[in-house]
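Read the structure below first, then the notes.
The values are calculated or read from the model by the stated rules, or taken from the named source; none is laboratory data. Owing to the predicted nature of the structure, the values given are computational and were not obtained by experimental measurement. Reconstructed Cβ throughout: ideal geometry from the backbone, glycine too, with neighbour counts over all protein chains shown. Note: accessible area is taken over every heavy atom of the protein model, side chains too, but ligands, DNA and RNA are not part of it. Shrake-Rupley method; radii C 1.70, N 1.55, O 1.52, S 1.80 Å.
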Amino acid sequence: MNSTKIRRLLEIIPGFLSWGVIFFLIVLSAWQPAVCAVAIIVFDFYWIIRTLYLTTLLVMAHRRLFKERSRNWLKECQELEPQGSWLKFYHLVIFPVYKESPAILKASLEAIKNSNYPNDNLVVVVAFEERNRDCRANAKDLEDKFKGEFFGYLSTFHPNGLPGETPTKGANATFAAKAAKEFFDRKKIPYENIIVSCFDADTCVEKGYFSCLTHHFLTTPKPHQASYQPIPVYNNNIWYAPSFARLVELTASFCQLIESMRLEKFVTFSSHSMSFKTLVDIDYWPVNMISDDSVIYWKAFLFFKGNYRVVPLYITVSMDVAYSTNFFKTILLQYKQKRRWAWGVENFPFLVNGFLGEKDIPLFTKIRRSYHLLESHVTWAIWAVIIILMPTLPIILGGSFFAQTSAVGYNLPRITGLLFNFTAVASLIWIFLSRTTLPPRPRDVKWHKNILMLVEWIIVPFIVLILGSTPALDAQTRLMLGRYMVFETTEKKRK
Amino acid sequence: MLSEQRIRAVLYYLSVLIFILGLPSILSSVLGYKFSRRTLSFTKTGLVVIKTQPSGANVYLDNALLNDKTPATIAELLPGTYHLKIELEKHYPWASNVAIEAGKATRLEKIILFPVRPNIRQLNKEKFSAFWLDEEKAEIYYAGEDNAIYRSDFEGNNYERIATFLQIDPAPVKFVASPDRKKIAYFNKHKIGITYLDAYSGQPFFSQQFVLDYPSGVLFNIFWHSDSYHLVLLANRAVEVLEAKPEAVPIALATLNKKNPSCSYDLHNDTLYFIDSQRAADGNMYDNLYKLELNSRTTLQQLMKMQTHE
């Protein structure tokens, strides 16, 4: 079988498994409702245990985040290398931009300017897409304000339709990184001393972000064989966003916190940092894949024969909650964004294909990482369907005899309801933690929004179904059918 | 971080342990299995679901009082027959033998515990000769002995006089309110009276109360058409239709062989269902069920116009 066919087969697997489980349970609920009921109860019980376990990890990660918030990373860098040799490290920050307004970028650049790391060690590249007609005017606008603020400030304009490329963020970021490489070559700065961060346009860093990153780079063994992942929060406009959009992003932040505790599964997501040397060695971000943020990790993982990891940074980078002018537009926007995230399932064929030609990575590692990736995407697509929709199916399709007279038929809705209530315990913890990560309430936001932000958690089951499972199933189905997604930027809106 | 990873590992294995230990007990409970410590074996059991009206009754299983009151579910019952008794103070007890099958749920969800002293109350405030219910509006109508129509709610409250009606002799067999609740028709064998309810309270209502003679046959039943203007009459030899106006003449829609036909009127579809006898090919008379559709107002009016000209 040639590599194209293998890759196509691998693309089919996640969607096939997800739909297979759903269809199997539907058929089973009509054919053998008692067996289906048992399967649902087993899954429900597994899910409750898993939720409680992950919530404990969330609490641990949250505690760590708050503990490290008080650390003075700049001071610790100075203490680590009193001679000041840590200042040899330059930070390259790339902002791939397409339709985002200069106002969004100004806030992000302002946050970098105000960080406590010396600006003389910062190089910023704002990477515009040439297909946006306003790009040069926007670049000029930003250059006028920020050109002299850093050691280097570059505006790049990624031409449309370069050979081998599809219009993705990764293609733009790669073009920008190559321009930055020329800049560093001219300045004769070795790549080993450069740490690159690829940020979404709306990413606002904390004051100590680059100091924290430098400290971790200095203290991590084999620092070039690691990516550095901050905790993304969506605080820029969280007080103004609609309830469900806010909840979705809060949940995304919490999932990232949980993942930071599961180091063997931790993969880069959204805004992240890594060694520039490694980036050059692995030939930059992929130029034809949408999920560049996670594929870059797998590229490095394959390049270093499995000896590559993600180091969590317990410091936040703040981004925008995606929302639009009305309810339905916001639902659609969120749906498209989550579908793009779920398109990360394209990593599975990429990774397994990479593993097939690789002999230096142990088989156990190959199986384990492939399984984790596949399992996480399949579970993403089906868990809400099984927990929320499936318990009623054996009752509906299993016939009145099963529903009315069998002990399993009587017990099914009661047991699943009881197990589902256990998630309420986890929800209370999540609600409490969500309060602690919020920025202060803006003056123009009324106090009763606080109450709304507590009550809104009731809609979580609806959200996990509509904006959890459905976009994931959509993405997997598209990949399965070979209807590949094209990159779409998410509209960012601030009051 | 290392210690966190250790804690995480402990939590992970603890979760696995809880899953492994908890799952059998959950599944055995769901499937109705009961573990016997004495024999160290699982036995498949059944359960009984009890719901009573009213709730809160004591449940006795084989004469032993259970802690739960109704609604109650008694699970893990070994297959067999049990004597179940349900008691609630001031109510008649309910008792029955219940057969429990392994893996089955026996549902006793329609138990009504009737009070020992039924709650009977007088609702009328005046003497009356007939009454009928308007379930849709939750009202009771009374035909008073003073030839007046009264109305109250289902508790007998808000009792008020709403109209009068002309007396017919002998007394009316039945009162029927029109679907729009503006008219009431009443009848005996040879007379039909109609009174307009909204004509009361200051209006010259006497002009809107009238009695129509029906000398040609014997009336068994009358129904309002959904237009609240036509009356469908079922007499001993004919199905007829009549406009609710003074001096109206009934129009025969069908002649009947049966002298005392039973019937039912579907107001929603304006259809009359009635039984009539017809002679079959073997020469014998047989009862058949017939359906007469009166659902098109135009058709009804055309029919009446046509028959009037005839």
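Just a few scattered comments:
- Put the Cα centre of the range A:433-456 next to the Cα centre of the range A:1-50 and the gap is 39 Å.
- Cα shape, the range A:89-339, gyration tensor, a/c 1.5 rule: rounded
- When chain A is described by a simple charge dipole with +1 on each Lys and Arg Cβ and -1 on each Asp and Glu Cβ, the residue from A:G152, A:F269, A:V125 located farthest towards its positive end is A:F269.
- Neighbouring partner chain Cβ atoms per residue of A:33-43, average, 10 Å criterion: 2
- Proximal aspartates and glutamates relative to A:K265, as straight alpha-carbon distance under 18 Å, when same-chain residues fewer than 8 apart are discounted: A:D292, A:D293, A:E346, A:E375, B:E4
- Per-residue SASA entry for B:Y273, accessible area with 1.4 Å probe, Å² rounded to 10: 70
- When each of A:K67/A:K299; A:K75/A:K113; A:K338/A:K366; A:K181/A:K299; A:K67/A:K99 is checked by Cα-Cα distance, pairs over 30 Å: A:K67/A:K299; A:K67/A:K99
- Rounded to the nearest Hz, the phi-derived 3J(HN,Hα) couplings of the range A:413-427 under the Karplus curve 6.51 cos²θ - 1.76 cosθ + 1.60 (θ = phi - 60°) are x, 6, 5, 5, x, 5, 5, 4, 5, 4, 5, 4, 4, 4, 4, where x marks glycine and proline.
- Cα gyration tensor shape of the range A:332-449, rounded if a/c is under 1.5, else prolate or oblate by comparing a/b with b/c: oblate
- B:D146 exposes around 80 Å² of accessible area when a 1.4 Å probe is run over every protein chain in place.
- Taking chain B and dividing mean pair separation by its residue count, relative contact order in percent (alpha carbons under 8 Å, at least six apart): 7
- Which of B:A64, B:S28, A:Y371, positive extreme of dipole for the protein assembly as shown (C-beta unit charges): A:Y371
- In the range A:244-273, comparing the full protein assembly with the chain on its own, the residues that lose 30 Å² or more of accessible surface at a 1.4 Å probe are A:M261, A:L263.
- Cα shape, the range B:128-309, gyration tensor, a/c 1.5 rule: prolate
- Accessible area in the full protein assembly, largest first, 1.4 Å probe, for B:M285, A:M453: B:M285, A:M453
- Between the residues A:G84, A:S294, B:C263, the greatest Cα displacement towards the positive end of the dipole of the protein assembly as shown, with unit charges on the Cβ of Lys, Arg, Asp and Glu, is found for A:G84.
- Of all DSSP-defined beta bridges confined to the protein assembly as shown, some 75% are antiparallel rather than parallel.
- Along its first, second and third principal axes, ordered by size, chain A spans 80, 63, 47 Å in Cα coordinates.
- For A:I258, solvent-accessible area (1.4 Å; no DNA, RNA or ligand), Å²: 10
- Å² per residue, accessible surface of the protein assembly as shown at 1.4 Å: 49
- Listed pairs A:K145/A:K187; A:K169/A:K329; B:K127/B:K174; B:K69/B:K110 exceeding 20 Å between Cα atoms: A:K145/A:K187; A:K169/A:K329
- Here the dipole of the protein assembly as shown is about 2360 debye; that uses its Cα centre as origin and unit charges on the Cβ of Lys and Arg (positive) and Asp and Glu (negative).
- In this assembly, the B-A interface accounts for approximately 2500 Å² of buried accessible surface in total, computed with a 1.4 Å probe and without ligands, DNA or RNA.
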